[in-house]
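Scroll down for the structure; my scribbles are underneath it.
Where a number appears in this text, it was derived from the coordinates with a stated rule and is not lab data. Here the structure is a predicted model, which is why all the values come from computation and not from measurement. Note: ideal-geometry Cβ built from the backbone for every residue, glycine included; neighbour counts use all protein chains shown.
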Amino acid sequence: MSEPRINDRIRVPEVRLIGPGGEQVGVVATGVALKLAQDADLDLVEVAPAARPPVAKLMDYGKYKYESDMKAREARRKQANTLLKEIRFRLKIDPHDYATKKGHVERFLAAGDKVKVMIMFRGREQSRPDAGVRLLERLADDVAELGFVESMPKQDGRNMTMVLGPVKKKSEAKSEQRKRSAEVNAQRKTKSEVKAEARRAAEDQTAPEPVEEQTAPEPAEEQTAPEPSAAAGPKPGPKPGPQQR
């Protein structure tokens, strides 16, 4: 995309001027428009050169270019993140296979991806495109909560295709997926804590109560007789026998 002409590069004699707030100023001489831009410290940018006269707007061109580049970068990033998945159906499909493939479509849409649904016709089935349309419309109704029909059923030779777009953006889908994972982890943690508490309670009930240790009584201190006091006098001796003559 080429750069627009700004300020002195605008060589036409007059322009249809738009003010910085989007208001219509009217057709003025280019010199007058440049003078208004200088007085407001803004740029005069030619936004519609093919108009007669060309349309120019007063703006901060540096800021405008930066915001435009950021928007373009974000658009490219979103386009790169959105994948186009493909699921193939047969016109004659049994209920089990239909449920399985529908589950794949739901998973892709929930993840924020587009889904290209293809029906492959065999033999005389090519003469029954209405049956293919009914099958694709049935699928679209079954997954309506997660996706919408972005491209209507279209037959191309032996194939019929339809594109489903996700209702939620990929970033929103990832955010919800992280939230669900966190909730699941929290529930697992709670269950493990409950089991641990139950196990500890069971161990407490089965464990024998500790027996208190019986301590032997301390031996009584030996009582010693008090020593005789000196004031009590000498002990009486044995009585003397009869004197010998």
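Please identify the GluC sites (Glu not before Pro) of the stretch 1-103 that satisfy two criteria: DSSP loop assignment and at most 14 other Cβ atoms within 10 Å. Which are they? Intermediate values should be presented prior to the final figure.
Working: sites: 14, 23, 46, 67, 74, 86; in loops: 23.
Counting only loop positions with at most 14 other Cβ atoms within 10 Å, the GluC sites (Glu not before Pro) in the stretch 1-103 are 23.
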Review point. From the backbone phi of the stretch 8-15, what are the Karplus-calculated ³J(HN,Hα) couplings (6.51 cos²θ - 1.76 cosθ + 1.60, θ = phi - 60°) in whole Hz, Gly and Pro given as x?
Key: 5, 7, 7, 9, 6, x, 8, 9
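Computed FRET efficiency, Cβ-Cβ of residue 130 and residue 168, R0 30 Å: what is it to the nearest 0.05?
According to the calculation, E is roughly 0.40.
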Point to revise | Label point distance in nm, residue 40-residue 118, each placed 7 Å from Cα along Cα→Cβ | key: 5.4
Check your understanding: For the stretch 7-64, what does the equivalent ellipsoid look like in terms of its semi-axes, each the square root of 5 times an eigenvalue of the Cα gyration tensor, given largest first in whole Å?
Key -> 15, 12, 11
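By count of other Cβ within 10 Å, fewest leading, how are 151, 2 ordered? Walk me through the intermediate numbers first.
Values: 151 13, 2 5.
Lowest to highest Cβ neighbour count: 2, 151.
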Study note, to complete from the structure: Calc'd 3J(HN,Hα), the stretch 63-73, phi into Karplus 6.51 cos²θ - 1.76 cosθ + 1.60 (θ = phi - 60°), Hz, glycine/Pro = x, comes to 5, 4, 5, 4, 5, 5, 5, 5, 5, 5, 5
Study note, to complete from the structure: The extension gain from residue 87 to residue 159, computed as 0.36 nm times the residue separation minus the Cα-Cα distance, is 24.7 nm
Revision key, fill the gap. Listed by chain and number, the residues whose amide H is under 5 Å from that of residue 150, excluding neighbours fewer than 5 places away on the same chain and using placed H, are 163, 164, 165
